[in-house]
Amino acid sequence: MKDLTQDSIVRNIIAMAAPIAAGMLFQTLYFLVDLYFVSAIGKDAVGGVGAAGTLMFIVMALTQVLAVGAVALIAQAVGRKDRTDANVVFNQSVLLALVCAAVTLVGGYALTSAYVGAITANPQEQHEGSTYLYWFLPGLALGFAQVTMGSALRGTGIVKPAMAIQAFTVLLNALLAPVLIAGWGTGIALGVAGAGLASTVAIVAGVLLLALYFIKLEKYVAFDRALWHPQLKVWKRMLDVGLPAGGEFALMFVSMSVIYWVISDFGSAAQAGFGIGSRIMQSIFMPAMAIAFAAGPIAGQNFGAGRGARVRETFAKAVLLNTVVMVLVTVFLQWRPEVLVGFFIKESDAIDVGATFLRTISWTFIAQGVVFTCSGLFQGLGNTRPAMLSSAIRLTVFVPVAVWLSTQRGFQLERLWLVSVATVWIQALASYLLLRHQFSRRLVDAPRAMVAPVGATAAAESRG
C-alpha cells in the first residue's frame, strides 16, 4: 500500500500515471496487433472487426462499474486507514466479476450475430465481425476479473505489477497473432478467428498471473473466501459509485454505434478508415487517461483523509499535465495523421477517411483531457453521476444532429466529425462546472464527514 496523502501531488501523479499509461498502451496493443495482421485479409475483415469491436464499449461500461466502485471505495478506505473495509470491498468486487463474466458469455454468444448485423449492412463484414467475436468473447468475459484485481491495486496506490503483467500478455498476443491469424509456421491461417483467439489466450494468461500475485505477494487486500458470500450493503455502495461510471461508457458506446450506423452507406472503406482512426485515437488518449486514472485514487485517499485542499490541487495539476500532453499530439495529427493510418491499411480511400477523422477530431483533445480528469476526480469523490450527466448532455446534442445531417443532400463525413468536435467541448464545459459544484458541496468545512462510515460500519457490513 502507498500513502497518497503525502508527498508532491505532481510526483504522485507521474509516479502512478507512467506505469498506468504503459499498461493501457499494452492493453490497446492487443487490438492494434490484431488489426495489423487482419488488415492483410482485406477491407471487409478490417471493417467487420472494427464494427464488432464496438462491443468492447459495452463490456468496458460493465467493467467500469466494478473498477470504479473498487478504486473509489478502496482508496477512501486506505485514506481512512480502514483495512477491513478495503478487504470487504475487494472480495465482493471479485464475486461480482465472476457473475458478470458468466452473463457476458451467455449473452454474447446468444446475441453476437444480431448485434453485428445491426452495426454493418455488408454481409461479408457481418460474417467476419461475428467470427471474431465468437473467439474473443471468453477474453472479454475474463476482463472483469482482470480489471477488478488491477483496480484494487490502483486503489491502494500500487500500479507496477499490473503493468508488468500487461506487458507480458501483449508480448504473448503479438507472438500468437501471426501464428493464428496468418498461419506463420503452421500453414493454418485462422483469419479473424485467430485474432480473437490470440487475444483470449493472452488475457487468460494475464488473469492467472494477477491471481498468483494476490495469492503470493499482495498483503493489504487479499482473497478471502469467507467474504465471498453476497453482501448487499457493500454491493449497493459499489454500484452507487460504479453504475454512473458504467453509464458514462455505455453512452460512449451509443455514440460510436450511431457513427457506424450513419457512415454505413459510405461503404467498407469508410468503415475501415473510421475503425482504424478510432483505434489510433484511443491509443493517443492513453497518456491523458492514465493521468486521470492516477488522479482518481489520489483524490480518493485525500478525500478519505479529509484533505480537501489536496483534492483541489490534484485536479489543477492533472489538468495541466493533460493539457501539455494533448497539445503535443494535436500538433502531430494536424501535420501527418495519414502516416499512422497508413501503417494499418494500404487502400488510399480508407487512409483518407481515417486521416481526415484524426485531423479533425484532434481539435477535441484538450477538451477530452478535461473530461477525463473530471471523471477521475468524480471517482475519487465517490460520486460519478455528474460524469454520466456530462456524457448524456453531449449525446443529447450529438445524436439528433448527426442523424439529421445524414439525411441532408451532399452529406459528407467531415461534417459529422465537426459535430463531434463541438459536442466534446460542450461536454468539457459541463464536466468542469459540475466538478466545481461538487467541490463547493463536499470539500467545504468538514470533508471527512461526507465519507462513508468506517470501523464498526465496515465490520458490520463484512458480517453481511
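What to note about this one:
- Computed over the stretch 282-415: relative contact order in percent, which uses C-alpha pairs under 8 Å that are six or more apart: 34 percent
- Against the compact-protein benchmark of 2.2 N^0.38 Å, the Cα-based radius of gyration of the stretch 268-310 scales to 1.90.
- Stokes-Einstein translational diffusion, the stretch 270-396 - Kirkwood Rh over all Cα pairs, 1.306 mPa s, 10 °C, in µm²/s: 101 µm²/s
- In summary, the stretch 111-184 shows an alpha-carbon radius of gyration equal to 1.46 times the 2.2 N^0.38 Å reference for compact globular proteins.
- Part-to-part distance (alpha-carbon centres) for the stretch 421-443 and the stretch 273-303, which is given in Å: 17 Å
- Long-range tail of P(r) for the stretch 62-119 (Cα pairs > 12 Å, %): 70 percent
- Span-like helix check, the chain: qualifying full DSSP H segments, with Cα axial length of 30 Å or more and mean Kyte-Doolittle of -1.0 or more, are 9-38, 55-79, 83-119, 123-155, 160-181, 192-216, 232-263, 308-335, 385-406, 413-442.
- Inter-part distance, the stretch 103-161 to the stretch 361-404, computed on C-alpha centroids, equals 23 Å.
- Those chymotrypsin sites (Phe, Trp or Tyr not before Pro) in the stretch 166-267 that DSSP places in a loop and that have at most 16 other beta carbons within 10 Å: Trp184, Phe223, Trp228
- Computed over protein heavy atoms with a 1.4 Å probe, the accessible surface of the chain works out to 39 Å² per residue.
- Out of every Cα-Cα pair that the stretch 149-212 contains, those further apart than 14 angstrom amount to 59 percent.
- Kirkwood-type radius of the stretch 184-297, with distances r between different C-alpha atoms, in Å: 19.0 Å
- In the stretch 408-442, the trypsin sites (Lys or Arg not before Pro) that fall in loop regions by DSSP, at most 16 other Cβ within 10 Å: Arg409
- Chymotrypsin sites (Phe, Trp or Tyr not before Pro) restricted to DSSP loop in the stretch 323-366 with at most 15 other C-beta within 10 Å: Phe343
- 14 Å beta-carbon shell around Asp7, net charge (K/R +1, D/E -1): +3
- Each 20 Å bin from zero holds the following percent of Cα-Cα pairs in the chain: 25, 58, 16, 0.
- Normalised by 2.2 N^0.38 Å, where N is the number of residues, the alpha-carbon radius of gyration of the stretch 220-273 equals 1.98.
- Pairs from Lys81/Lys219; Lys2/Lys236; Lys160/Lys219 whose Cα-Cα separation, in the structure shown, is over 23 Å: Lys2/Lys236
- Fraction of accessible area attributable to carbon and sulfur, the chain (%, probe 1.4 Å): 69 percent
The values are calculated or read from the model by the stated rules, or taken from the named source; none is laboratory data. If you're wondering where the values come from, they're calculated on a predicted model, not measured in any experiment. No Cβ is skipped: glycine too gets one built from the backbone with ideal geometry, and neighbour counts run over all protein chains shown. Only protein heavy atoms, including side chains, enter the accessible area calculation; ligands, DNA and RNA are left aside. Shrake-Rupley method; radii C 1.70, N 1.55, O 1.52, S 1.80 Å.
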